[in-house]
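One structure is given below, encoded as structure tokens.
FYI, it's all coordinate maths here, none of it is from the lab. What you see is a predicted model; the values in this text were computed from it and never measured. No Cβ is skipped: glycine too gets one built from the backbone with ideal geometry, and neighbour counts run over all protein chains shown.
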Ligand code: ADE
């Protein structure tokens, strides 16, 4: 998979890809991540990429020209499954969307800033608009990092034990069951007996029941989803 990220702040975005699972997935060649500084695509003085909004009002708007130039250059090099715009008014990211996006071959992610991008970008260049939650970030970069993390860990071969992504919380609309490790007893706090007796079918059933009970208690809304 190849991910191209268009941003005015590439330095803000780089560190999540330089550690742990994301770093290893890049080193293993399972994913390529490329950063494109939008300021390299403007002819204006001071590398200007934004301007005042027509009709007046506070806040700058990112101009269509540099965004179009950057996206057109990338599209001339390869076909893209999606051009995603990170914005608080997009569809809220969930596991189902991450599963679908992890099957893509090439995607572009555009990070918004200021008051956002000229509407004509959204109307003509963007195929998906994604928010990471109902709150406003200073820009789309942190959202893009979250989106990339959740997609990349689903690519086969990225996690050591491939099945572990399948048992994640939110797969099958269920929260994950509780987990324990050594010691079996700590200051009188005991690990449930069933996990210690080696009866794996029973353990599996216990985990399923726990996942369901936890979801019913903490996130009943997930059980209503298809
Ligand atoms: N940019 C600003 N806020 C955002 C959010 N909540 N999700 C994605 N991109 C954003």
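General observations
- Peptides 87-94, 15-22 ranked from most to least packed, by the mean per-residue count of other Cβ atoms within 10 Å: 87-94, 15-22.
- Relative packing of 70-83, 184-197, 118-131, which averages over residues the other C-beta atoms within 10 Å, highest first: 118-131, 70-83, 184-197
- Translational diffusion of the chain, µm² s⁻¹ [Kirkwood Rh, Cα pairs; Stokes-Einstein; 20 °C; 1.002 mPa s]: 107 µm²/s
- Length gained on full extension, residue 58 to residue 100: 11.4 nm, using 0.36 nm per residue less the C-alpha separation.
- Label zone at residue 221 (point 7 Å along Cα-to-Cβ), backbone N below 17 Å, the range 111-140: 131-136
- Cα-based convex hull, the range 86-153, per residue volume (Å³, whole number): 82 Å³
- Taking the square roots of 5 times each eigenvalue of the Cα gyration tensor of the range 100-226, largest first, gives ellipsoid semi-axes of 39, 17, 15 Å.
- Percentage of interatomic Cα-Cα distances in the range 3-76 larger than 16 Å: 59 percent
- Distance in nm between pseudo-label sites at residue 68 and residue 89 (7 Å out along the Cβ direction from Cα): 2.1 nm
- Angle between the chain longest axis and helix 141-152 axis [Cα atoms, degrees, rounded to 10]: 50 degrees
- Where Rh is the Kirkwood radius over Cα pairs, Rg/Rh for the range 167-224: 1.03
- Computed lengthening from residue 135 to residue 32, 0.36 nm per intervening residue step minus Cα-Cα distance: 34.2 nm
- Here the peptides 137-149, 41-53 are ranked by packing, the mean other Cβ count within 10 Å, and the order with the highest first is 137-149, 41-53.
- Dividing the mean sequence gap of close Cα pairs (under 8 Å, 6+ apart) by how many residues the chain holds gives a relative contact order of 20 percent.
- Modelled this way, with points 7 Å down the Cα-to-C-beta line, the labels at residue 44 and residue 179 are 4.8 nm from one another.
- Rounded, prolate or oblate (a/c below 1.5 giving rounded, otherwise prolate when a/b exceeds b/c) for the range 1-133 by Cα gyration tensor: prolate
- Over the range 55-119, equivalent-ellipsoid semi-axes from the Cα gyration tensor in Å: 25, 18, 6
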